[in-house]
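The values are calculated or read from the model by the stated rules, or taken from the named source; none is laboratory data. As the structure is a prediction and not an experimental result, all values here were calculated from the model. Virtual Cβ from ideal backbone geometry, glycine too; neighbours counted across all protein chains shown.
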Amino acid sequence: MLPVLAALAGPIIDILKGTGVIKDPEAEAKAREAIIKQLEGQQQFFIDYFTATIGKDEPWYSPSKLFRPLCSFAIVIFYIIARFTGIEFLQVDQMILFGVVGFWFGGRTIEKLLSKN
């Protein structure tokens, strides 16, 4: 078990204790074990995903692989900041934001739907 996973399990356990889901130390130990097991599985999924998509010959931080994700990340971060600070978004701004998010999260789905017809 990695210390990071144990640290991530702590706040989840605190929330469950605060809501009354976990009532005794035995239930807490079982929940902590289940949460860490789940986090380990998710961690392995992301490691496998990045290994498969990035490859072994080129580092993950290669500029050719980071340009589009960083631009998308910057757009989404700007949107979040704008929402908290009250910056008004015009229709064009919304189209750009939703275009980027739609590309990353909906592009493959649309591509698969169109290729079936």
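V76 fails exactly one of the following numbered conditions: (1) modelled with pLDDT under 80; (2) within 30 Å of K17 (Cα to Cα). What is the number of that condition?
(2)
Taking only pairs six or more apart or across chains, which ones have beta-carbon atoms under 9 Å, a first residue in the range 18-44 that is modelled with pLDDT of 80 or more, and a second residue that is exposed (fewer than 10 other Cβ atoms within 10 Å of the Cβ)?
none
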